[in-house]
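The values are calculated or read from the model by the stated rules, or taken from the named source; none is laboratory data. The shown structure was predicted, so the numbers you read here are calculated from the model rather than taken from an experiment. Backbone-built Cβ (ideal geometry, glycine too); neighbour counts: all protein chains shown. Heavy atoms of the whole protein, side chains included, go into the accessibility calculation; ligands, DNA and RNA do not. Shrake-Rupley method; radii C 1.70, N 1.55, O 1.52, S 1.80 Å.
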Protein chains: 2
Amino acid sequence: MLSAVLKSLSVYEAGEQPQDRDFIKLNTNENPYPPSKKVDRVLRKINYQKLNLYPDPDSNRLTEELARYHKVAKENIFVGNGSDEVLAFCFYSFFKQDEPLLFPNITYSFYKTYASFFDIDYKTISLDKKFNIDFSKFLQQKSGGIIFANPNAPTGIYENIARIKKLLQSYQEKVVVIDEAYIDFGGESCISLLGQYPNLVIVRTFSKARSLAGIRVGYVMASSFLINALNRVKNSFNSYPIGTIASKIAICSLRDDEYFNKTIKKIIKNRLYLCEKLKELNFKILPSFTNFVFVTCKDFSAQVLYKKLKEKKVLVRYFADDNIDNFLRITVGTKSQIKRLIENLRNILSNP
Amino acid sequence: MLSAVLKSLSVYEAGEQPQDRDFIKLNTNENPYPPSKKVDRVLRKINYQKLNLYPDPDSNRLTEELARYHKVAKENIFVGNGSDEVLAFCFYSFFKQDEPLLFPNITYSFYKTYASFFDIDYKTISLDKKFNIDFSKFLQQKSGGIIFANPNAPTGIYENIARIKKLLQSYQEKVVVIDEAYIDFGGESCISLLGQYPNLVIVRTFSKARSLAGIRVGYVMASSFLINALNRVKNSFNSYPIGTIASKIAICSLRDDEYFNKTIKKIIKNRLYLCEKLKELNFKILPSFTNFVFVTCKDFSAQVLYKKLKEKKVLVRYFADDNIDNFLRITVGTKSQIKRLIENLRNILSNP
């Protein structure tokens, strides 16, 4: 009864979302701070009586607000039901090519899943010894497109814009998707390169820096030609991806930059504090430009640490994949969450 | 730069959603009545501070509530971002087969789009002269699956459960999807057949009878084997299709059956009134079990009527497709909306 494709489907495993609120959740890179208070005001003003109507299929108001915010044209914006949906549409629209898609061997693990879902051939390119992306290796291959996250996940490592510009300069035939889910935590966005490179696609989300993982909104910035393709694909799949309430909340979040910047500063400060404390415990920490740190402990198995922390009601993310199976990805929480994490780590490490 | 598949994509055209609130919207089969007042109470209680967290990827609470409501097991329910997304996942999961998918030549026009999107071969089977689905013709073909809407759209015609049971009795190798978007307006659901036919899939939506098109929730009922396949497909596309707020609203709507039944009775009453008035104007009306009527007027082009009504700020749906290009699909509105529609129709017809 099932389609043959289902046999080979490599399903993505999302981080645990326990309903038990006792857990300290440092496993899915949620923002530990709430969204702007303006979200609350918007929620109070929603007229439930109008929920009988379909939302605007093109989410025009949200698209316009994003265009204004990023100082691009409305025609350069595409919105979807979380950056995961938006990424799926990118794979379908740009990467079903004769040559394989390229991405780093360590990156967001959903990319492999999308490729398998849409039957897209891919090759992974090894990171260098310092876990940086080696763009020169990408150029040595024939390829049908490139995707990577910047900052990369789960490494947290940021590639500067000059290196990316060099890649784009030599790669203009096929699409380059840069997943900037974590760019707001210290990196510089590639938005400024959009005008110059019509093959550049930038993916963003409201789930991380904007503290709105619960509403499911993500978006793309690219040339109008590529945005138009994404719209055609969306209209072949689901005409109304974003509900009325989610749109309104996303819009009002964009209108409170002061709060947004304050939250980011707090997280960067907490990240420094977390790194300090982890160093004291002899962890090796990759340099992070995100709201998480990717760490390894010489003396202790990452998998065992993950399990022992979970017993203590502290959730961090462990990946059983090659190359990174002795690392933990730990979300930067509030200061008190960090303290509880460190306390638990200290106990586990001193009583192995 | 684009994937080759994009060349042949046949995009679905959703009904217009004008931002101009002066329009009487009788074009997208929205419920003219608001959702349950309990939705408002739930909205007031939402804690915006928790929107920083991802929703439960499996929407367990909503799934449990739906299982309770329909008296099936939780393992028989799959939820998604509107029935459009849920249908897309059904096409991918069940219909990528060696033999073509079959559906009626007049039915929800999105089915063709999904088939094109996922590169699924299909054949359409003509309706009979009375616009009923001719199930015997479906059985005469080799096929990789069957999908139809019951009641059908845009005809509004309902096939009784005995005829469907006969189809299922002779067709057990591949999946049969029944899109019951409009079943609550007078038809009998095929839920009672689920236990007997593990290849039966029923698709439902919160957008019509539940007056919640704005929140984007749809779902599937089927055997746990098929639901499991849908979950794997979902987890290869978007782990968190339904936001926290949408889930909560959907749950509370299910808990107000009294209001739900009252609203449906009102719409059925309005449908009778609308049919009466249209008959007075010499329209031919297909027998409707939905919240819309599919009508044709001997003396007047449907396309011209559509345009003239739009000038008068009354939106109805016109399809330029073969076989139905002299029909209009008119949503059953409130009594005052119907009066304004009829008044305008009377003027147009008497001053051609």
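Can you say whether residue B:127 is within 30 Å of residue A:120 (Cβ to Cβ), under 21 Å from the mean Cα position of the chain (by Cα), more than 14 Å from chain A (Cβ to nearest Cβ) and modelled with pLDDT of 95 or more, as far as the supplied structure shows? Answer is no for this residue.
The set of residues in segment B:172-209 that are in a loop (DSSP other than H, G, I, E, B) and under 24 Å from residue A:51 (Cα atoms) comprises B:180, B:181, B:182, B:186, B:206, B:207, B:208, B:209.
Selection of helices (runs of 4 or more DSSP H) fully inside segment B:28-109 by the criterion of at least 3 residues being at the interface with chain A (Cβ under 7 Å from one of its Cβ atoms) returns B:37-45, B:82-94. Pairs linking a residue in segment A:249-265 that is more than 12 Å from chain B (Cβ to nearest Cβ) and more than 24 Å from residue A:81 (Cβ to Cβ) to a residue that is in a helix (DSSP H, G or I) and among the hydrophobic types (A, V, I, L, M, F, W, C), with Cβ atoms under 7 Å and 6 or more positions apart or on different chains, are A:264/A:185. Look through segment B:298-314, keep the residues that are within 21 Å of residue B:280 (Cα to Cα) and in contact (Cβ under 8 Å) with a residue 40 or more places away in the chain, and return whichever of them is farthest from the chain's Cα centre (by Cα). If we take residues in segment B:298-314 being within 21 Å of residue B:280 (Cα to Cα) and in contact (Cβ under 8 Å) with a residue 40 or more places away in the chain, then B:299 is farthest from the chain's Cα centre (by Cα).
Restricting attention to segment B:266-279, the residues that are open to solvent by 10 Å² or more (accessible area, probe 1.4 Å) and in contact (Cβ under 8 Å) with a residue 12 or more places away in the chain add up to 7. Residues that are closer than 24 Å to residue B:207 by Cβ, open to solvent by 10 Å² or more (accessible area, probe 1.4 Å) and not in a helix (DSSP H, G or I) are absent from segment B:134-151. The number of residues in segment A:205-248 being of a type in the set (Lys, Arg), under 18 Å from residue B:84 (Cβ atoms) and within 13 Å of the chain's Cα centre (by Cα) comes to 1.
Taking the conditions (1) open to solvent by less than 10 Å² (accessible area, probe 1.4 Å); (2) under 24 Å from residue B:62 (Cβ atoms) in turn, residue B:154 satisfies each one other than (2). Taken over segment A:176-223, residues that are within 13 Å of another protein chain (Cβ to nearest Cβ) and over 27 Å from residue B:57 (Cβ atoms) amount to 7.
Within segment A:103-114, the residues that satisfy the criterion of being surrounded by fewer than 21 Cβ atoms within 10 Å (Cβ to Cβ) and either within 21 Å of residue A:169 (Cα to Cα) or modelled with pLDDT of 95 or more (or both) are A:105, A:112. Do you know which of the residues in segment A:319-352 that are modelled with pLDDT of 95 or more and hydroxyl-bearing (Ser, Thr, Tyr) is least open to solvent (accessible area, probe 1.4 Å)? So the residue we want is A:331.
The residues listed here are B:40, B:58; of these, the one that is within 17 Å of residue A:48 (Cα to Cα), of a type in the set (Asp, Glu), out of contact with any Ser or Thr (no Cβ under 8 Å at 6 or more places or on another chain) and crowded, with 17+ Cβ neighbours inside 10 Å is B:40.
Given the options B:30, B:75, B:65, name the one that is touching a residue at least 12 places away in the same chain (Cβ under 8 Å), of a type in the set (D, E, K, R) and within 29 Å of residue B:309 (Cα to Cα).
Answer to the check: B:30.
Which ones in segment A:1-24 are surrounded by 15 or more Cβ atoms within 10 Å (Cβ to Cβ), facing chain B (nearest Cβ under 7 Å) and either more than 30 Å from residue A:312 (Cβ to Cβ) or not small (Gly, Ala, Ser) (or both)? Passing the criteria: A:1, A:2, A:3, A:5, A:6, A:9, A:11, A:12, A:17.
Among the residues of segment A:211-219, at least one is free of Cβ contacts under 8 Å to residues at least 60 places away in the same chain, closer than 13 Å to residue A:35 by Cα and in contact with a Ser or Thr (Cβ under 9 Å, 6 or more places away or on another chain). Of all residues in segment B:247-264, those satisfying the criterion of being surrounded by 18 or more Cβ atoms within 10 Å (Cβ to Cβ) and either polar (S, T, N, Q) or modelled with pLDDT under 95 (or both) are B:247, B:253, B:263. Within segment A:216-244, if we keep just the residues that are of a type in the set (Val, Ile, Thr) and open to solvent by less than 10 Å² (accessible area, probe 1.4 Å), the residue that is farthest from residue B:118 (Cα to Cα) turns out to be A:217. Counting only helices (runs of 4 or more DSSP H) wholly contained in segment A:211-281, the ones carrying 1 or more residues that are within 22 Å of residue B:238 (Cβ to Cβ) occupy A:224-234, A:244-254.
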